[in-house]
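The structure appears below as structure tokens.
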Amino acid sequence: MFETIVYEVSEAVAVVTMNRPDKFNAFTGQMNREITEALKQAQKDPEVRCILLTGAGRAFNAGQDLGEVTGDSQVDFGGMLRNRYNPMILQFQKTEKPIIAAINGVAAGAGMSMALACDIRLASDKASFVNAFVNIGLVPDSGGCYYLPRIVGIGKALELAFTGEKVSAEEALRIGLVNQVYPAERFQEEALAYARKLAMQPTRAIGLIKRTMLKGLEMGLEETLQYEAFAQEAAGSTADYKEGVQAFLDKRAARFTGR
Ligand code: T3D
């Protein structure tokens, strides 16, 4: 049973809703663990073919709950990241199903980093992004230093990290921080429709695409070519590959099952 998130599966989509709206869905240790667990659960469940991560209320996620780390004693930043945040962020990569961040409102600090660790980012026109770390004298963490420069380029990444200024959804779309922006009134239905469409794709190929492209970011051409050959062997042995080819020959839409 989850307490800080709501986990619901319907029509092949697992919707994970961060549910601390009064605190702008800021992270507690329990929420870090529950998100990690929810991703593992979705990975194991053959009924789930896409994951949609969103926030309850006005915010997506405001980063670490600063109420949890105040006080006179020195915060164990290293321990906190190693034990709570890093395993959660790594789980996004390990989950071989598409993960969509449906960014309904502000995404700040580690909440922004987590959105960057998702495969696709959809934003409401009321959403915004704040690389808030510098505003409290910290360094981007939770994969922010890895994903942000890869997504928007080093120049823009440094600007966002140095200034900690708020970026609107419109600007986020312009700089490639998000894939799509939808009006707030129909955001949840648009995001769900997007997720359902991805859930109908050949899920094993999608998982292999994700793994191969992420590995490709770290490897040279020769190694990537090798890995593509390996991934293609795996994809080519799926029922969805056979269905895809048959559907093409039959001149009909493919009916993928994720097998
Ligand atoms: O120990 C460590 O810190 C290590 C881990 C680091 C990882 C990190 O994530 S560090 C970064 C932590 N996050 C922040 O610094 C963001 C702090 N929040 C903000 O800058 C702003 O609240 C926002 C830009 C997110 C939103 O601004 P705005 O003006 O739309 O809303 P607001 O009025 O500031 O906040 C609304 C409520 O949410 C408010 O509560 P109240 O007064 O209505 O009862 C505010 O206190 C609460 N809230 C927002 N962010 C946090 C939070 N409560 C706890 N922790 C938060 N991070």
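Details
- Of the strands (runs of 3 or more DSSP E) contained entirely in the range 91-163, those carrying at least 2 residues that are under 12 Å from the mean Cα position of the chain (by Cα), at pLDDT 95 or above and of a type in the set (Gly, Ala, Ser) fall at 99-103.
- Complete set of residues in the range 126-165 that are in contact (Cβ under 8 Å) with a residue 60 or more places away in the chain and in contact with a strand residue (DSSP E or B) (Cβ under 7 Å, 6 or more places away or on another chain): Ala127, Ala132
- Looking at the range 178-241, the helices (runs of 4 or more DSSP H) lying wholly inside it that each contain 1 or more residues that are assigned by TED's automatic domain parsing to the domain that holds Val15 and under 27 Å from Val167 (Cβ atoms) sit at 187-199.
- Residue check for Asp76: in the same structural domain as Gln180 (by TED's automatic domain parsing), acidic (Asp, Glu), surrounded by fewer than 24 Cβ atoms within 10 Å (Cβ to Cβ) and over 27 Å from Val181 (Cβ atoms): yes
- Residues that are surrounded by fewer than 17 Cβ atoms within 10 Å (Cβ to Cβ) and in contact with a Phe, Trp or Tyr (Cβ under 9 Å, 6 or more places away or on another chain), drawn from the range 165-178: Lys166, Ser168, Glu171
- Within the range 170-187, tally of residues that are touching a residue at least 60 places away in the same chain (Cβ under 8 Å) and more than 16 Å from the chain's Cα centre (by Cα): 3
- Which listed residue is on the phi > 0 side of the Ramachandran plot and near the ligand (Cβ under 9 Å from one of its atoms), from Gly63, Gly67, Gly105, Gly111: Gly63
- Residue match in the range 81-90 (condition: open to solvent by 10 Å² or more (accessible area, probe 1.4 Å), away from the ligand (no atom under 11 Å from the Cβ), of a type in the set (Lys, Arg) and free of Cβ contacts under 8 Å to residues at least 40 places away in the same chain): yes
The values are calculated or read from the model by the stated rules, or taken from the named source; none is laboratory data. What you see is a predicted model; the values in this text were computed from it and never measured. All Cβ positions, even for glycine, are placed from backbone atoms using ideal geometry, and neighbour counts span all protein chains on display. Side chains are part of the model used for accessible areas, which takes the heavy atoms of the whole protein and leaves out ligands, DNA and RNA. Shrake-Rupley method; radii C 1.70, N 1.55, O 1.52, S 1.80 Å.
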